[in-house]
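Below is one structure, written out as structure tokens, with a few remarks after it.
The values are calculated or read from the model by the stated rules, or taken from the named source; none is laboratory data. Remember, it's a predicted structure, so these values are computed and weren't measured experimentally. Don't worry about glycine lacking a Cβ; one is built from the backbone with ideal geometry, like all the others, and counts go over all protein chains shown. For accessibility, only protein heavy atoms count, side chains too; no ligands or nucleic acids. Shrake-Rupley method; radii C 1.70, N 1.55, O 1.52, S 1.80 Å.
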Amino acid sequence: MLVKVDLMSRVDRKEDAPPESLPIGEVARLSGKAPSAIRYYEEVGLVEAPERISGRRRYPRTVVRTLAVIETAQRAGLSLDEIRLLLEATPSNHAATEQLREVAEQKLPLLREAIERAELVRRWLEDAARCHCPTLDDCPLFEDPEGLPERSLVLR
């Protein structure tokens with residue numbers, strides 16, 4: 001009987017929630033993000049803290065799109081602060097939009113440099129794949145370490 005009462009209280013809580021709101025588990029399923037990541041984005045201000053019903057988070061459906069924007073921006077190499085600018089950019093907030101444009105303009109040269117560096121490494125690896133030298137001592141690929149970029153290919 002105790003189990004039935006607990007199930008009924010869960011049903012009552014769901015009925016209290018607006019039909020357009022989603023529990024964190026559903027947001028996680030729809031977005032592909034872990035609940036811990038969603039809570040972290042909340043903590044750092046990328047996602048608005050949702051209303052709570054009976055102590056449980058209930059998110060508006062629009063949060064799924066916000067999480068998709070965050071994922072895309074992260075894949076593009078934007079930092080969380082840069083993503084915050086992106087999320088603040090609205091037609092009425094021209095300052096945030098302009099800041100976003102500046103961030104993109106700053107990142108483009110860094111990306112071009114990283115691509116050039118990656119191309120150098122790719123060519124070296126292609127040469128190494130074709131190499132038939134009997135030993136590394138005889139291999140010309142190791143004669144000019146300056147021909148390759150520094151180890152890091154990270155965008156700064």
Checking Y40 against (1) under 29 Å from L111 (Cβ atoms); (2) open to solvent by less than 50 Å² (accessible area, probe 1.4 Å), which single condition isn't satisfied? (2)
Here are some conditions: (1) modelled with pLDDT under 90; (2) open to solvent by 90 Å² or more (accessible area, probe 1.4 Å). Q99 meets all but one. Which one does it not meet? (2)
Can you report the number of residues in segment 80-92 which are surrounded by 13 or more Cβ atoms within 10 Å (Cβ to Cβ) and in a loop (DSSP other than H, G, I, E, B)? 1
On the basis of being basic (K, R) and surrounded by 13 or more Cβ atoms within 10 Å (Cβ to Cβ), does R123 make the cut? no
